[in-house]
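The values are calculated or read from the model by the stated rules, or taken from the named source; none is laboratory data. Bear in mind the structure is a predicted one, so any value in this text is a computation, not a measurement. All Cβ positions, even for glycine, are placed from backbone atoms using ideal geometry, and neighbour counts span all protein chains on display.
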Amino acid sequence: MLRLSRWFLLPAIFMAAAPVVSSADYIAASWVSDRDQQLYILHSEDAQTFTGDYAVYDPPGDDVVRDPSLMFDQATGYWWVAYTAGHWSVQTDYIGLARSRDAVTWEHVTQIDTSSVANGDPRSWAPEWVRDDEGWHLIVGLSSDGSATLQMFEMHPTNDDYTTWSQPDHLTGLQSNVVDGMVTLIDGVYNLWYTDRTSVPWNNVRATSTNLTGPYTLDVDHQGNWYGVGASIEGPYVVQIEGDHWRMFFDQPGPGTKLIEGVSTGLYIDSYDNMQTWGPAAQMLSPAKRHLSIINTDITPTYLIGDLNGDGYVGLDDLELVLGNWNQTVVPVDSSADPSGDGFVGLDDLDIVLGNWDAGRPPGIPVPEPACAGLFAFGFCVALRRRSCVRL
């Protein structure tokens, strides 16, 4: 049996591992009704029929969960949900924020202060995540006189723990009494989908801008009841299915939000030309949930790639799992040392760990500054010296 020093693996630190994503699946956050205001996490294989009929998070105190927006942040290794923390009739000058390692067990993080805008008779509604080159942002609906003059604002975290936030920054170019704004960033254009409540029935419309905070220009071809529903609707959320195929989910409020058990209030429409034209509305099949926020895990990675021990960080411990099982045949579903899932611990698994090195946050340690290749190599060499050889 040939014994080689682990130093032969050093050049591998410069290999770029292709991201590994899960098989096609959809994960969504939602809630039920005025009688059940908790966080529900749903799963689907086709973005039409969803499962998940139990609540995973009940916020502290008198807060509720409405309009939850879900995202996964590779840098922290956490799922995050921002949500409306008060009933529509309750004064609130903050947005709720919770996080989870596995999207099952959730913990409260903070109340995002909106009081610089939402004061007097405040409402803080319908946060939605969007990511661009500057990082993660929330689009929130705020008002100081109940819900009559809701306007949309941008906020973003100012520390790595998401516990401090910027002051609200007004999205310009929009009319008053608008809410439920979510953004898709495509080819440098911010596509803002939102609910226009200035007249009845309420409509979901689109506006565009080359800047996240505007000014936005209303897209005259995407407003009104162009989806064929004919009644007030709200809460648009668009998700890319594949290629030019996009699906928009939305709610039909009022008595329709309390349908029979097992039937959703959610509707959806499809576009097959990159959101230029849309088909007729269809019924979402799900336990009765509202205001869907959905992630296509086939397009957006939703776990920390290379984090083999599940501590939210890709580092020496993960590397040791691979090297400690080097050149072994394993059962893929039972082996954390085999991230490639091919049943053999080898270079493919090493590439995955090294290609995502330093992602996440070291347990109990502040987020490090980005490491240069030399420091990376030094840390890698230290790990290798802890063991004398690999077997080939």
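So in segment 177-209, with the set limited to residues that are under 22 Å from the mean Cα position of the chain (by Cα) and not in a strand (DSSP E or B), which one is surrounded by the most Cβ atoms within 10 Å (Cβ to Cβ)?
My answer is Gly188.
Could you look through segment 5-53, keep only residues that are at pLDDT below 50 and among the polar types (S, T, N, Q), and pick out the one that is surrounded by the fewest Cβ atoms within 10 Å (Cβ to Cβ)?
Within segment 5-53, the match that is surrounded by the fewest Cβ atoms within 10 Å (Cβ to Cβ) is Ser23.
Taking the condition surrounded by 14 or more Cβ atoms within 10 Å (Cβ to Cβ) and touching a helix residue (DSSP H, G or I) at 6+ places or on another chain (Cβ under 8 Å), does Ser232 pass? Full working, then the answer.
Details: surrounded by 14 or more Cβ atoms within 10 Å (Cβ to Cβ): yes; touching a helix residue (DSSP H, G or I) at 6+ places or on another chain (Cβ under 8 Å): yes.
Yes, satisfied.
Counting only residues that are part of a loop (DSSP other than H, G, I, E, B) and touching a Pro at 6+ places or on another chain (Cβ under 6 Å), which one in segment 210-261 is modelled with the lowest pLDDT? Before the answer, list the steps.
Kept after step one, since they are part of a loop (DSSP other than H, G, I, E, B), are these residues of segment 210-261: 210-216, 219-233, 243-244, 252-253, 258-261.
If we keep only those that are touching a Pro at 6+ places or on another chain (Cβ under 6 Å) too, we end up with 228, 231-232.
Numbers: Gly228: 66, Ala231: 77, Ser232: 83.
Only one residue tops the list, namely Gly228.
Based on this model, can you work out whether Asp63 counts as acidic (Asp, Glu) and in a loop (DSSP other than H, G, I, E, B)? If you could, list the steps in order and put the result at the bottom.
On the way: acidic (Asp, Glu): yes; in a loop (DSSP other than H, G, I, E, B): yes.
When the stated conditions are applied, Asp63 passes them.
Within the bounds of segment 340-349, is there any residue that is at pLDDT below 85, outside any helix (DSSP H, G or I), closer than 23 Å to Ser100 by Cβ and under 27 Å from the mean Cα position of the chain (by Cα)? Steps first, please.
Taking segment 340-349 and keeping what is at pLDDT below 85, we get 340-343.
Filter once more, so that each one left must be outside any helix (DSSP H, G or I): 340-343.
Checking the rest, the ones that are also closer than 23 Å to Ser100 by Cβ come to none.
Among the residues of segment 340-349, not one is at pLDDT below 85, outside any helix (DSSP H, G or I), closer than 23 Å to Ser100 by Cβ and under 27 Å from the mean Cα position of the chain (by Cα), which makes the answer no.
Assess whether Gly310 counts as being touching a Pro at 6+ places or on another chain (Cβ under 7 Å), surrounded by fewer than 18 Cβ atoms within 10 Å (Cβ to Cβ) and in a loop (DSSP other than H, G, I, E, B). Steps first, please.
On the way: touching a Pro at 6+ places or on another chain (Cβ under 7 Å): no; surrounded by fewer than 18 Cβ atoms within 10 Å (Cβ to Cβ): yes; in a loop (DSSP other than H, G, I, E, B): yes.
In short, no.
Looking at Asp102, Asp121, which one is surrounded by fewer than 15 Cβ atoms within 10 Å (Cβ to Cβ), out of contact with any helix residue (DSSP H, G or I) (no Cβ under 9 Å at 6 or more places or on another chain), over 16 Å from Gly214 (Cα atoms) and modelled with pLDDT of 95 or more? Working first, answer last.
Details: Asp102 fails: modelled with pLDDT of 95 or more.
Every option except Asp121 fails the conditions.
Can you confirm whether segment 90-97 contains a residue that is at negative phi, surrounded by fewer than 20 Cβ atoms within 10 Å (Cβ to Cβ), outside any loop (DSSP other than H, G, I, E, B) and among the small types (Gly, Ala, Ser)?
no
Between residues in segment 132-143 that are at negative phi and modelled with pLDDT of 95 or more and residues that are of a type in the set (Ser, Thr, Tyr) and not in a strand (DSSP E or B), which pairs lie under 7 Å by C-beta distance while being six or more apart or on different chains?
Val140/Thr114; Leu142/Thr114; Ser143/Thr149
Rundown of residues vs (1) touching a strand residue (DSSP E or B) at 6+ places or on another chain (Cβ under 8 Å); (2) part of a strand (DSSP E or B); (3) surrounded by 20 or more Cβ atoms within 10 Å (Cβ to Cβ), yes/no style:
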{"residue": "Thr110", "(1), (2), (3)": "yes, yes, no"}
{"residue": "Ser115", "(1), (2), (3)": "yes, no, no"}
{"residue": "Pro127", "(1), (2), (3)": "yes, yes, yes"}
{"residue": "Arg131", "(1), (2), (3)": "yes, yes, no"}
{"residue": "Val140", "(1), (2), (3)": "yes, yes, yes"}
{"residue": "Gln175", "(1), (2), (3)": "yes, no, no"}
